[in-house]
1. So is CYS177 out of contact with any Phe, Trp or Tyr (no Cβ under 6 Å at 6 or more places or on another chain), part of a helix (DSSP H, G or I), on the phi < 0 side of the Ramachandran plot and not hydroxyl-bearing (Ser, Thr, Tyr) or not?
2. Determine which member of the set HIS506, HIS493 is of a type outside the set (Gly, Ala, Ser), open to solvent by less than 10 Å² (accessible area, probe 1.4 Å), under 19 Å from LYS314 (Cα atoms) and in contact (Cβ under 8 Å) with a residue 24 or more places away in the chain.
3. Can you tell me how many residues in the stretch 99-133 are part of a helix (DSSP H, G or I) and either open to solvent by less than 20 Å² (accessible area, probe 1.4 Å) or not hydroxyl-bearing (Ser, Thr, Tyr) (or both)?
4. Can you tell me which of GLY215, GLY153 is open to solvent by less than 60 Å² (accessible area, probe 1.4 Å), of a type in the set (Gly, Ala, Ser) and under 30 Å from ILE418 (Cβ atoms)?
5. For the structure I just gave you, tell me whether SER287 is part of a helix (DSSP H, G or I), touching a helix residue (DSSP H, G or I) at 6+ places or on another chain (Cβ under 8 Å) and polar (S, T, N, Q).
6. Hey, among SER183, SER196, which residue is under 30 Å from LEU381 (Cβ atoms) and in contact with a helix residue (DSSP H, G or I) (Cβ under 8 Å, 6 or more places away or on another chain)?
7. Taking the conditions exactly as written (in contact (Cβ under 8 Å) with a residue 24 or more places away in the chain, closer than 24 Å to ILE95 by Cβ, open to solvent by 40 Å² or more (accessible area, probe 1.4 Å) and of a type in the set (D, E, K, R)), does ARG160 satisfy them or not?
8. State whether one or more residues within the stretch 369-382 are more than 35 Å from the chain's Cα centre (by Cα) and among the basic types (Lys, Arg).
Amino acid sequence: MSNNGSGRSGVGSSPPSEHSSLLHADTGEREASEHIVEYSSLDHPQDASSITTRFSGLHRSNTTISWRSWKVWIQTAKESRFVSALPAIVLAFTIAHLPEPVGLTPTSMRLLGVFAGVIMGLLTADYNMSVVLAVALLTLTMTRSFMCTTADGRHIECDRCNTMYKGESGNWHEYKCDPIGGSFDVAVSGFANKVSWLVFTAFHIGKAVEKTGFGRRISLVLVRSMGRSTVGIGYAICLAELVLAPFIPSNTARGGGIIYPIVESVIASLGVESRMGEEDPVGGFFSFVAAAANLLSSSLFVTGMAGNPIVASKATSIFGIEFGFSEWFLGACVPGLLLIFLVPPVMYIIMRPKIDFGLLSVDIRQQYRALGPVSTDEMKLCATLLGCLILWIGTPYFGVDSAVVAYMAIIVLVLINILTWDDIVKNHKAWDTFFWLASFIVLAEQLTALGITEWIGNSLSRSLQHASPMTSTLSLSLVYFLSMYLFSSISSHVVAFVGPFFAAGHVLGCPPRLLTILIALFSSMSGILTPFSTGSVAIYAAQGYISQPRWFLYGLTMSAMMLCTTFSVGLMWWKILGWY
């Protein structure tokens, strides 16, 4: 009895240690519960209660630690830049693995998926635009999702390199090309594109205008004459674009090489500094108004943008109508000029830039007096820019491409000591824009090479075969406008889509002049949708006064105004002209 009692007393007087309880807790809640039940059967309910309390406290402690760990993980995920890119990755992967429709191939679907992922990445990912595009090009290179060129000059999908094919004579031949190396050649081909170099050199011309103080002098005169209000300065920028548009057929040369340096100087005169990652409503207002003015002035004249003559030529070849300088301006003047009039006040309402013009007028006079007489460097720069202007206007006569003219200007500015090589090396905005614009050009060219743009055009004509001619006209023009999301060059957009859309309109019985003027206007206007649509827009967007997602939002808002004005006032004007 004593032994038994001693046994029970031993257990009861020496309850399990804390270390023992931890061991039980580690083996799981079920084993710990069984231990408590077993121990309570020894007729010592107070000890069992103590163990239960210990276990419950430990369980709550583990739960708290676990929840805190999850909170840390959740917070880390929220702050992770990679997580911000997941929507783009998922979208790209999903589209790339969808069954390919008739007219497309698995390679086309991979390219389309990556392109859609890039657009989504620009909206959601916390990465620089150049980083997003670098990843896209690397992905397309490693998955062999480009169009390669074989040793004998054939163009095939890169994943078909080194495979056999049966020739016309019945003999078997091999596609001799390097799938990865050939893909990389395509990926970097955009850096040899003339548009990329035109934009790159325009940045350096802008640097020269800033460095010499010439742009500051022009901007102060501009602000003094029309700067009684923010909207007034906006109208001054629009007027400058409008005057130059008929004479300079490159909207990038006009906007980037001439107007941009003045706009940037106006912004600087107002005490606004561009800082990477920091938005500013004043700088953003003038940048966006200048971009919109560049595109709208390009739409008004057949000579306003390099792709406009292609529109006129296609209208003649497909519809058999003449659409020269006078016809183009006659059709575009009413909606185009109205939109130019609306852009500054509408963007002012949206962005609300705040400028104290009472203090500004005094400050402007003081700044202008402080500039003193025109310097020798300013006169050298002015002569260089005048030479560029003459060569740009006379491109059809001199046969010198606008990109070559701009490149020549940079060399001259270095040789006459306006710019130094360090100025060019340290112009990080120029190099960054050069990279991402060249990358977008590659994607746009490959969308055409792999048949994606043609597939879209063919799908449209089939989907509208039962619609009325007017419905078909409006639908084709609307889709043409929105398809600019697929391109990084308004000229490439024209080259790729004008032919298929005019052909579809001809089959569907669309009024020729009506469809032509809509496509003519939308070829330039649609560039406002994205910050990478054309070189001039890319230059303004690269200043950082407006974030990329916000630029997309403003672009969509301005696009809605353009479409509403064109489909209302424009249609009434063209009805008066008897174009439908």
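1. Taking the combined requirement at face value, the residue does not satisfy it.
2. HIS493
3. Here the count works out to 23.
4. Checking each option against the conditions leaves just GLY215.
5. For SER287, the condition - part of a helix (DSSP H, G or I), touching a helix residue (DSSP H, G or I) at 6+ places or on another chain (Cβ under 8 Å) and polar (S, T, N, Q) - is met.
6. When all the criteria are applied, what remains is SER196.
7. Considered against the rule, which asks whether it is in contact (Cβ under 8 Å) with a residue 24 or more places away in the chain, closer than 24 Å to ILE95 by Cβ, open to solvent by 40 Å² or more (accessible area, probe 1.4 Å) and of a type in the set (D, E, K, R), ARG160 comes out as no.
8. Scanning the stretch 369-382, I find at least one residue that is more than 35 Å from the chain's Cα centre (by Cα) and among the basic types (Lys, Arg), so the answer is yes.
The values are calculated or read from the model by the stated rules, or taken from the named source; none is laboratory data. Bear in mind that the values here come from a model prediction, so they are computed numbers and not experimental data. Backbone-built Cβ (ideal geometry, glycine too); neighbour counts: all protein chains shown. Accessible surface areas use protein heavy atoms only, side chains included; no ligands, DNA or RNA. Shrake-Rupley method; radii C 1.70, N 1.55, O 1.52, S 1.80 Å.
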